[in-house]
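**Student:** My questions all concern the structure below.
The values are calculated or read from the model by the stated rules, or taken from the named source; none is laboratory data. Bear in mind that the values here come from a model prediction, so they are computed numbers and not experimental data. Neighbour counts are summed over all protein chains in view; Cβ atoms, including those assigned to glycine, are modelled from backbone coordinates with ideal geometry.
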Amino acid sequence: MAERINSIQGVSPVERVQRVSQLSRAASGQFGALLNQELKVAEPAISFSKHAQSRAAERGIQVDETLMGQLADSVERAQAKGATNILAFDATRAFIINVPHGRVITTMSQEEMEENIFTNIDGAVLLK
């Protein structure tokens, strides 16, 4: 019985090891690619620091899926241009975002934007 299991006709032991090694590499490469793809999907594209969360709540800034999508899009566009810290804004609110980490640092309402000067940013993105 042991002979039947171990004997593969026309394939030497060295060829068997090479084939198994190739199959193993191919399978792990596919698994790794699938895992990375799932991890990218699972990770949020953007997050709020505790400071930004509390500021949004204090200032009545509604954080919903639409806003999160707009901020994530802003980060992607800023990354493409090489920006590291951006001001993402529209007529009623503004967000300072650290692009490499995809993290909102702080938020501002329309009233606060009127008298503020924005420093330490290297880009500005209009929210769509």
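**Student:** How many of the residues making up segment 86-112 are farther than 18 Å from LEU67 by Cα and either surrounded by 15 or more Cβ atoms within 10 Å (Cβ to Cβ) or out of contact with any helix residue (DSSP H, G or I) (no Cβ under 9 Å at 6 or more places or on another chain) (or both)? Write out each step before concluding.
**Tutor:** The first filter runs over segment 86-112 and keeps only residues farther than 18 Å from LEU67 by Cα, leaving 100, 111-112.
In the following step, the residues that additionally are either surrounded by 15 or more Cβ atoms within 10 Å (Cβ to Cβ) or out of contact with any helix residue (DSSP H, G or I) (no Cβ under 9 Å at 6 or more places or on another chain) (or both) were identified as 111-112.
Residues in segment 86-112 being farther than 18 Å from LEU67 by Cα and either surrounded by 15 or more Cβ atoms within 10 Å (Cβ to Cβ) or out of contact with any helix residue (DSSP H, G or I) (no Cβ under 9 Å at 6 or more places or on another chain) (or both): 2 in total.
**Student:** Give me the pairs, please: first residue somewhere in segment 90-107 and touching a residue at least 40 places away in the same chain (Cβ under 8 Å), second residue anywhere and of a type in the set (D, E, K, R), beta-carbon distance under 6 Å, and either six or more positions apart or on two chains.
**Tutor:** Filtered contacts from segment 90-107: THR106/ARG55; THR107/ARG55.
**Student:** What pairs come up if the first residue lies in segment 110-123 and is closer than 22 Å to VAL75 by Cα, the second is of a type in the set (Val, Ile, Thr) and surrounded by fewer than 10 Cβ atoms within 10 Å (Cβ to Cβ), and their beta carbons are under 6 Å apart, counting only those six or more places apart or on different chains?
**Tutor:** Taking only residues 6 or more apart or on different chains, not a single pair turns up.
**Student:** Also: What helices (runs of 4 or more DSSP H) completely inside segment 1-90 contain at least 2 residues that are at pLDDT below 60 and under 23 Å from the mean Cα position of the chain (by Cα)? Outline the logic, then answer.
**Tutor:** On the way: elements: 2-6, 13-42, 50-58, 65-81.
Helices (runs of 4 or more DSSP H) meeting the threshold: 13-42.
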